1. Return one quarter of the surface area of the convex hull spanned by the alpha-carbon atoms of the stretch 81-126, equal to its mean projected area, in nm².
2. Mean separation of Cα pairs under 8 Å and 6+ residues apart, divided by the residue count of the stretch 54-131: what relative contact order is that in percent?
3. Can you tell me the accessible area per residue over the stretch 58-103, all protein chains present, probe 1.4 angstrom, in square angstrom?
Amino acid sequence: MKRAHPVPALILAALMALAAAPVAAQSDGAQADAAQPDAAQAEGDPWAEGFRPLPLHQLAERVSGRYAGRLVAAETRPPTPPERDLGAELVYEFRLVTPDRNILNIRLDARTGRFLDVAGQGQLQARRPRN
(Lines give C-alpha, C1' and ligand atoms only; values in the text may rest on other atoms or scores of the structure.)
Protein backbone atom coordinates (compact mmCIF):
# COMPACT_ATOMS: atom_id res chain seq x y z
CA MET A 1 0.00 0.00 0.00
CA LYS A 2 1.40 3.37 -1.01
CA ARG A 3 1.08 6.12 1.62
CA ALA A 4 0.22 9.66 0.64
CA HIS A 5 3.01 12.18 1.05
CA PRO A 6 2.27 14.42 4.11
CA VAL A 7 3.40 17.72 2.53
CA PRO A 8 0.50 18.09 0.03
CA ALA A 9 -1.93 17.28 2.84
CA LEU A 10 -0.34 20.00 4.98
CA ILE A 11 -0.51 22.51 2.13
CA LEU A 12 -4.17 21.70 1.54
CA ALA A 13 -4.92 22.04 5.25
CA ALA A 14 -3.17 25.42 5.34
CA LEU A 15 -5.09 26.58 2.26
CA MET A 16 -8.38 25.56 3.84
CA ALA A 17 -7.49 27.38 7.07
CA LEU A 18 -6.60 30.53 5.14
CA ALA A 19 -9.86 30.38 3.23
CA ALA A 20 -11.91 29.98 6.41
CA ALA A 21 -10.17 32.73 8.41
CA PRO A 22 -11.68 35.77 6.61
CA VAL A 23 -15.17 34.27 6.79
CA ALA A 24 -14.85 33.65 10.55
CA ALA A 25 -13.49 37.14 11.13
CA GLN A 26 -16.31 38.69 9.10
CA SER A 27 -19.01 36.72 10.91
CA ASP A 28 -17.71 37.93 14.30
CA GLY A 29 -17.52 41.48 13.00
CA ALA A 30 -21.05 41.30 11.59
CA GLN A 31 -22.52 41.20 15.10
CA ALA A 32 -20.51 44.24 16.14
CA ASP A 33 -21.48 46.07 12.93
CA ALA A 34 -25.16 45.56 13.64
CA ALA A 35 -24.83 47.67 16.76
CA GLN A 36 -22.73 50.46 15.20
CA PRO A 37 -22.54 51.59 11.59
CA ASP A 38 -19.01 51.22 10.22
CA ALA A 39 -17.25 54.39 9.07
CA ALA A 40 -15.77 52.53 6.08
CA GLN A 41 -19.26 51.64 4.85
CA ALA A 42 -20.26 55.28 4.99
CA GLU A 43 -17.31 56.16 2.74
CA GLY A 44 -18.18 53.50 0.14
CA ASP A 45 -15.25 51.17 0.82
CA PRO A 46 -15.67 48.19 -1.57
CA TRP A 47 -14.26 45.78 1.05
CA ALA A 48 -16.91 46.86 3.56
CA GLU A 49 -19.73 46.28 1.06
CA GLY A 50 -19.52 42.51 1.26
CA PHE A 51 -16.43 41.52 -0.73
CA ARG A 52 -16.43 37.75 -0.53
CA PRO A 53 -13.50 35.89 -2.09
CA LEU A 54 -14.05 32.30 -3.11
CA PRO A 55 -12.48 29.70 -0.81
CA LEU A 56 -8.84 29.10 -1.64
CA HIS A 57 -9.26 25.32 -1.70
CA GLN A 58 -12.03 25.64 -4.30
CA LEU A 59 -9.77 27.61 -6.64
CA ALA A 60 -6.91 25.18 -5.97
CA GLU A 61 -9.21 22.40 -7.25
CA ARG A 62 -9.99 24.51 -10.32
CA VAL A 63 -6.27 24.92 -11.06
CA SER A 64 -5.67 21.19 -10.58
CA GLY A 65 -8.58 20.46 -12.89
CA ARG A 66 -7.06 22.55 -15.68
CA TYR A 67 -3.34 21.72 -15.29
CA ALA A 68 -1.58 18.44 -14.50
CA GLY A 69 1.00 18.62 -11.75
CA ARG A 70 1.43 19.31 -8.06
CA LEU A 71 0.45 22.54 -6.34
CA VAL A 72 3.38 23.64 -4.20
CA ALA A 73 2.36 27.13 -3.08
CA ALA A 74 -0.61 29.48 -2.85
CA GLU A 75 -0.68 33.12 -1.82
CA THR A 76 -2.98 36.10 -1.89
CA ARG A 77 -1.61 39.03 -3.86
CA PRO A 78 -2.81 42.49 -4.80
CA PRO A 79 -3.86 42.77 -8.43
CA THR A 80 -1.56 44.32 -11.01
CA PRO A 81 -2.92 47.43 -12.78
CA PRO A 82 -4.11 45.41 -15.83
CA GLU A 83 -5.81 42.89 -13.49
CA ARG A 84 -7.43 45.76 -11.60
CA ASP A 85 -8.74 47.10 -14.92
CA LEU A 86 -10.42 43.70 -15.42
CA GLY A 87 -12.20 44.14 -12.07
CA ALA A 88 -9.97 42.02 -9.82
CA GLU A 89 -9.73 43.27 -6.24
CA LEU A 90 -7.69 40.37 -4.85
CA VAL A 91 -5.66 37.69 -6.63
CA TYR A 92 -4.84 34.15 -5.60
CA GLU A 93 -1.46 33.10 -7.01
CA PHE A 94 -0.68 29.40 -7.28
CA ARG A 95 2.62 27.73 -8.09
CA LEU A 96 2.36 24.36 -9.80
CA VAL A 97 5.13 21.92 -10.73
CA THR A 98 4.19 20.13 -13.96
CA PRO A 99 4.97 16.46 -14.68
CA ASP A 100 7.88 17.72 -16.85
CA ARG A 101 9.21 19.59 -13.78
CA ASN A 102 8.40 23.05 -15.10
CA ILE A 103 6.97 25.66 -12.74
CA LEU A 104 3.80 27.53 -13.63
CA ASN A 105 2.65 30.70 -11.88
CA ILE A 106 -1.13 30.84 -12.12
CA ARG A 107 -3.12 33.94 -11.06
CA LEU A 108 -6.88 33.83 -10.48
CA ASP A 109 -9.39 36.51 -9.50
CA ALA A 110 -10.26 35.65 -5.88
CA ARG A 111 -13.87 36.82 -6.22
CA THR A 112 -14.85 35.24 -9.54
CA GLY A 113 -12.27 32.44 -9.97
CA ARG A 114 -11.40 33.67 -13.46
CA PHE A 115 -7.92 32.79 -14.73
CA LEU A 116 -6.03 36.08 -15.10
CA ASP A 117 -2.53 34.92 -16.05
CA VAL A 118 -0.54 31.72 -16.49
CA ALA A 119 3.22 32.12 -16.79
CA GLY A 120 5.94 29.52 -17.22
CA GLN A 121 7.22 26.96 -19.66
CA GLY A 122 5.29 23.80 -20.42
CA GLN A 123 1.80 25.27 -20.18
CA LEU A 124 0.47 23.44 -23.21
CA GLN A 125 1.97 20.09 -22.17
CA ALA A 126 0.48 20.41 -18.66
CA ARG A 127 -2.97 21.51 -19.85
CA ARG A 128 -5.62 18.88 -19.21
CA PRO A 129 -8.10 18.23 -22.04
CA ARG A 130 -11.54 19.76 -21.59
CA ASN A 131 -14.37 17.40 -20.75
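1. On the way: hull surface 12.9 nm².
With every direction weighted equally, the projected area is 3.2 nm².
2. On the way: 140 pairs, mean separation 22.9, N = 78.
Answer for the stretch 54-131 is 29 percent.
3. Working: 2620 Å² over 46 residues.
Per-residue value: 57 Å².
The values are calculated or read from the model by the stated rules, or taken from the named source; none is laboratory data. Since the model is a prediction, treat every value here as computed from it, not as a measurement. Protein only, heavy atoms only, side chains kept; ligands, DNA and RNA dropped before computing areas. Shrake-Rupley method; radii C 1.70, N 1.55, O 1.52, S 1.80 Å.
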